[in-house]
Amino acid sequence: MKKAMSWIVKVMRGISMVAITALVAVNGYEIFCRFFLKISNYWIQDYSSLLMVWFVFPGMVVVVWEKKDILIDLLPKALPLQKQRILNMVVHGIVIIFSAGMVVSTLSYLKKTFAIKSITARIPMPLFSFGTLIGFMIFLVIYIIDLWEIIKNKDTTGELGGRDV
């Protein structure tokens with residue numbers, strides 16, 4: 001499972017890098033047009049928003065998997081190891097519930113907006129939501145894997161269950 005997740009994370013990294021590169025290019029084009037040509041391309045905002053979604057959520061998958069997120073662990077480190085483990089399981093459970101809720105909510109939103117397009121660029125609205133859906137689905141899997149590791153290895157403590165990447 002971890003090998004498959006590592007491959008998925010590599011794909012997400014690639015998607016995120018392509019999206020941020022395209023985002024910089026599109027906005028660079030807009031800046032050039034405004035500064036030199038004195039015109040504004042109103043459709044740029046739709047593309048920028050779409051690319052931002054596809055940069056942020058796949059990028060967060062990488063951050064979460066590689067444990068590069070910010071963690072303040074002053075309280076957990078002050079607790080005995082067994083209580084750290086319990087707190088870690090509770091936190092993982094909360095994240096799993098939140099991620100599952102986001103998956104369900106995003107699926108519901110996708111159903112409602114399936115045939116709608118953005119006003120200016122006519123981009124199908126589901127393209128915006130798919131990035132969010134994929135991101136939260138992968139978050140859910142990552143945290144379930146980590147929770148399983150915490151449960152399976154009773155001595156495991158530390159951030160996100162001590163996952164080896």
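The values are calculated or read from the model by the stated rules, or taken from the named source; none is laboratory data. Since this is a predicted model, take the numbers as computed values, not measurements. Heads up, the Cβs are rebuilt from the backbone with ideal geometry, glycines too, and the neighbour counts pull from every protein chain shown.
What to note about this one:
- Residues that are of a type in the set (S, T, N, Q) and in contact with a helix residue (DSSP H, G or I) (Cβ under 8 Å, 6 or more places away or on another chain) within the range 86-133 comprise Asn88, Ser99, Thr106, Thr113, Ser118, Thr120, Ser129, Thr132, listed in sequence order.
- The single condition among (1) farther than 22 Å from Val9 by Cα; (2) modelled with pLDDT of 95 or more; (3) not charged (D, E, K, R) that Ala100 does not satisfy is (1).
- Residue match in the range 114-137 (condition: surrounded by 18 or more Cβ atoms within 10 Å (Cβ to Cβ), part of a helix (DSSP H, G or I), of a type in the set (Phe, Trp, Tyr) and within 19 Å of the chain's Cα centre (by Cα)): yes
- Any pair with Cβ under 7 angstrom, 6 or more apart, that starts in the range 19-39 at a residue that is on the phi < 0 side of the Ramachandran plot and exposed (fewer than 11 other Cβ atoms within 10 Å of the Cβ) and ends at one that is at pLDDT 95 or above and of a type in the set (Gly, Ala, Ser): none
- Within the range 8-39, if we keep just the residues that are within 18 Å of the chain's Cα centre (by Cα) and either among the basic types (Lys, Arg) or modelled with pLDDT under 95 (or both), the residue that is farthest from Thr132 (Cα to Cα) turns out to be Lys10.
- Pairs linking a residue in the range 62-83 that is under 19 Å from Tyr143 (Cα atoms) to a residue that is among the hydroxyl-bearing types (Ser, Thr, Tyr), with Cβ atoms under 6 Å and 6 or more positions apart or on different chains, do not occur.
- Counting the residues of the range 45-96 that are more than 27 Å from Ala22 (Cβ to Cβ) and assigned to a helix (DSSP H, G or I) gives 21.
Listed here are the residues, each with its yes/no results for (1) without any contact (Cβ under 8 Å) to a residue 60 or more places away in the chain; (2) aromatic (Phe, Trp, Tyr); (3) under 17 Å from Val11 (Cα atoms).
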site	(1), (2), (3)
Gly59	yes, no, yes
Arg85	no, no, no
Asn88	no, no, no
Phe114	yes, yes, no
Ser118	no, no, no
